[in-house]
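Undergrad: Here you go, one structure.
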Amino acid sequence: MTPGADLLRSAVLSEGRVEGSLLMVDGFLNHRVDPPLLRGVGEDLADRFRSEQPDLVLTAEASGIPPAIFSAAHLGVPLIYAKKYLGPGDRHVFSREVVSPTRGAEYRVEISRRVLGAGHRVLVVDDFLAGGRTAEALGEIAEEAACTVVGLGFAIEKQFTGGRDRLEAHGWRVESLVAVASLEGGQVSLAG
């Protein structure tokens with residue numbers, strides 16, 4: 001384990017709450033943000049992909065921004081975040097429709113064509129890997145923009161939801177710092 005992963009693992013076990021099929025980490029990761037913890041998470045994710053030489057970090061608003069911005073800062077590269085919209089749009093953007101089982105809704109992720117140019121080596125970073133739909137949309141947008149996806153990094157992965165398989169089917173490298181094996185009985189069971 002790396003320092004950021006150790007901190008995150010401890011926080012998940014001590015502060016994470018299970019609500020149905022959801023792991024709530026809003027007290028330290030994606031609503032109320034613990035900067036020292038997120039700094040460690042960002043550094044660990046950045047270090048896992050440093051050899052791939054990303055020159056851009058890509059995420060989706062809003063929960064992906066904290067781990068992504070710390071990763072981008074540690075790599076010394078810019079961050080772009082996709083905006084989420086409901087309903088139709090006719091802006092000059094790269095976009096994908098995403099169905100979210102967690103939210104029970106469909107939304108669109110969009111990135112302005114002005115900010116995502118061709119030729120970048122893109123690292124996708126997000127807070128959670130569950131079904132992988134948002135991360136898949138971001139990877140597809142990067143490839144549509146003629147960028148290279150060097151990998152996808154997540155703070156927490158729910159191993160039992162199939163998201164990793166969805167992303168690896170594209171040939172993308174996937175890394176997560178903490179892997180959740182199950183949430184059965186209202187308890188968090190971590191892998192490894």
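Undergrad: Going by what's in this entry, would residue 99 be described as surrounded by 18 or more Cβ atoms within 10 Å (Cβ to Cβ), in contact with a strand residue (DSSP E or B) (Cβ under 7 Å, 6 or more places away or on another chain) and farther than 28 Å from residue 10 by Cα?
TA: No: the conditions fail for residue 99.
Undergrad: How many residues are crowded, with 20+ Cβ neighbours inside 10 Å and under 14 Å from the mean Cα position of the chain (by Cα) if we restrict to the stretch 109-132?
TA: Matching residues across the stretch 109-132 total 11.
Undergrad: While we're looking at this one, here's another question. Out of all the residues in the stretch 153-165, which are β-branched (Val, Ile, Thr) and either touching a residue at least 60 places away in the same chain (Cβ under 8 Å) or under 26 Å from residue 115 (Cβ atoms) (or both)?
TA: Correct list: 156 only.
Undergrad: Just checking, how many residues over the stretch 143-152 are within 14 Å of residue 171 (Cα to Cα) and touching a residue at least 60 places away in the same chain (Cβ under 8 Å)?
TA: So the count comes out to 2.
Undergrad: Moving to a separate point now. Check 106, 136, 168 and return the single one that is under 17 Å from the mean Cα position of the chain (by Cα), without any contact (Cβ under 8 Å) to a residue 24 or more places away in the chain and either surrounded by fewer than 16 Cβ atoms within 10 Å (Cβ to Cβ) or over 21 Å from residue 25 (Cβ atoms) (or both). Full working, then the answer.
TA: Details: 106 fails: under 17 Å from the mean Cα position of the chain (by Cα); 136 fails: without any contact (Cβ under 8 Å) to a residue 24 or more places away in the chain.
Matching residue, one of 106, 136, 168: 168.
Undergrad: Out of 45, 7, 37, 13, which single residue is surrounded by 15 or more Cβ atoms within 10 Å (Cβ to Cβ), in contact (Cβ under 8 Å) with a residue 60 or more places away in the chain and either part of a helix (DSSP H, G or I) or in contact with a strand residue (DSSP E or B) (Cβ under 8 Å, 6 or more places away or on another chain) (or both)?
TA: On the way: 7 fails: in contact (Cβ under 8 Å) with a residue 60 or more places away in the chain; 37 fails: in contact (Cβ under 8 Å) with a residue 60 or more places away in the chain; 13 fails: surrounded by 15 or more Cβ atoms within 10 Å (Cβ to Cβ).
Sole residue among the options that is surrounded by 15 or more Cβ atoms within 10 Å (Cβ to Cβ), in contact (Cβ under 8 Å) with a residue 60 or more places away in the chain and either part of a helix (DSSP H, G or I) or in contact with a strand residue (DSSP E or B) (Cβ under 8 Å, 6 or more places away or on another chain) (or both): 45.
Undergrad: Let me ask something additional. Can you tell me how many residues in the stretch 148-174 are of a type outside the set (Lys, Arg) and part of a loop (DSSP other than H, G, I, E, B)?
TA: Adding up the residues that qualify gives 5.
Any read-out appearing in this document is the output of simple, stated calculations on the displayed coordinates, not a laboratory observation. Not measured: the values here are computed from a predicted model. Cβ: placed from backbone, ideal geometry, glycine included. Neighbour counts: every protein chain shown.
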